[in-house]
Amino acid sequence: MGFIKIRTDIPGPKSAGLLKQREDHIPRGISTNVPIEVIEAKGALIRDVDGNQFIDLASGIGSLNVGHSHPEVVKVLKDQADHFIHPVFPVTMYKSYVQLAEKLNEIIPGNFPKKTIFLNSGAEGVENAIKIARRYTNRPAIISFERGFHGRTFMTMSLTGKVKNFKKGFGPMATDIYRLPYPYYYRDSLSDKELLQSFQQLFQTTVDPHDIAAIIMEPVQGEGGLVTPSIDFVKGIRKWCSQYGIVFIADEVQTGFARTGKLFAMEHFDVAADITVTSKSIAAGLPLAAVTGKAEIMDSPLPKELGTTLGGNPLGCAAALKVLEIIEKEKLVDRAEAIGVQIKDRLKNISKYIGDVRGLGAMIGIEFVKNQISKEPYPELVKKIIRRCYENGVIVLAAGSHGNVIRLLPPLVISDEQLSEALDVFVSVLKELEFDDVCI
């Protein structure tokens, strides 16, 4: 018997009831990709109120690398809640905050002394990384990249390189932000040399490099379409930062904690950032983010110049410490690599509409095009795939600046059997839609 169990239309009658209630009380700006009411989720499986069971290949947009409700995480959360929930670190200390900071200082890439602060979300982490970089350098300007995504707060929205769904109508954006092209080898003809020369052109025509506080980069663009740069490109950025005293910020919010087949994605490039921002899977779905950086940079703000009421809450810190144990004990770094191989092998040459299958580890993007030669994006097909997949028990997400990329981020605890079943559904859906398209 398979893991998927579909007993009603999606949404089922009970989920449809909550959907109507949601429409009455929740603003439309908050979207939900799959119209179901969840009542239980464990590992890679989600069960809804109507008795349907799904295989989750989205992991809460990469927040659940150790899976839904890992029993060891649940246990430490219960134990922590029995003692205290949140006395607020700026008021009174607690050990898990310091222990987690010590652990991240040890494992985040970079052979130098580090310090860490904790916040609530990836966006808040990026905001604070920018503040710290500006405080350290006493400079205003920031460089980010086309298609990059860093959050939805004022500064992070301004850094983000996509307008639709993120920036339209929310302006004006923050000033002193400059955006440069990021590699997209499937679509762009620009070489790494040409891309890196764009920095020189920016410095000559637009902003003095000595006014730039930081360059912020995702080592793999997630929302931007699962696009990965080359080692030479990332090392080129490191060179520019070192040459002009610019702080290199790695946004590892989605790529961190074993997702890419390394504990952190920057390890693929043999480059250490000055500041690393992590969140999402750090605490198995609880709100927690970390900013970890060179000690001298992190100490540049004076006492009370950094802070948050709820950041680094004891439940999140306890979960994060357990997550790091689970990653090591269950060998999830190796598992991520194996998952990526299984996905890529299964999807090889299965459709004329797949232009590219790419990614690192278990962070896979499947780009759909109308034509292999023209590479015209096919977002209409992606929307149909997503809907047809969840109607058949598999949850996937879209990504990419054109909305034509399927993003696969399965929990790293997913079994081979569960992954195989989910991929069978994905392939079947694609073949059905391809047949329908031909028949139209």
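Computed from the coordinates by the stated procedures, all read-outs in this text should not be read as laboratory data. Predicted, not measured: the structure shown is a model, and the values here were computed from it. Please note: Cβ atoms are built from the backbone with ideal geometry, for glycine as well, and neighbour counts cover all protein chains shown.
Worth pointing out:
- The magnitude of the dipole of region 72-329, with charges of +1 and -1 set on the Cβ of Lys/Arg and Asp/Glu and taken from the Cα centre, is near 420 debye.
- Measuring spread by the Cα atoms of region 72-329 yields a radius of gyration and Dmax of 18.1, 59 Å.
- Seen from a random direction on average, the alpha-carbon convex hull of the chain projects onto 22.1 square nanometres.
- Separation of region 263-318 and region 145-179, taken as the distance between their Cα centroids, equals 21 angstrom.
- Greater than 31 Å apart at Cα, pairs in LYS75/LYS131; LYS162/LYS235; LYS20/LYS167; LYS162/LYS262; LYS5/LYS162; LYS115/LYS262: LYS75/LYS131; LYS5/LYS162
- Region 217-375: proportion of alpha-carbon pairs further apart than 18 angstrom, %: 67 percent
- Gain in span if fully extended, TYR186 to VAL427, counting 0.36 nm per residue against the direct Cα distance: 84.5 nm
- Over region 320-396, all Cα pairs binned in 10 Å intervals from 0 give whole-percent P(r) values of 17, 36, 30, 14, 4, listed from short to long.
- Candidates VAL227, VAL76, VAL413, ranked by Gaussian network fluctuation over the chain, Cα under 10 Å, top entry: VAL76
- Selection of trypsin sites (Lys or Arg not before Pro), region 7-81, meeting DSSP coil and at most 12 other Cβ within 10 Å: ARG7, ARG28
- GNM top mover of ALA41, ALA213, ALA273 - the chain, alpha-carbon springs below 10 Å: ALA41
- Estimated 222 nm signal from helices in the chain, with DSSP H stretches of n ≥ 4 weighted -39500 (n - 2.57), rounded to 500: -12000 deg cm²/dmol
- Legend: helices of the chain (whole DSSP H runs) are marked when their alpha-carbon atoms reach 30 angstrom or more along the helix axis and their mean Kyte-Doolittle hydropathy is at least 0.0; marked are 416-439.
- Gaussian network model of the chain, springs between alpha carbon atoms under 10 Å - residue of GLU337, GLU376, GLU146 with greatest fluctuation: GLU376
- The simple spin-label model puts a point 7 Å past each Cα toward its Cβ; for LYS193 and GLU106 those points are separated by 4.5 nm.
- Relative to the current alpha-carbon distance between ALA338 and LEU302, full extension at 0.36 nm per residue lengthens the span by 8.4 nm.
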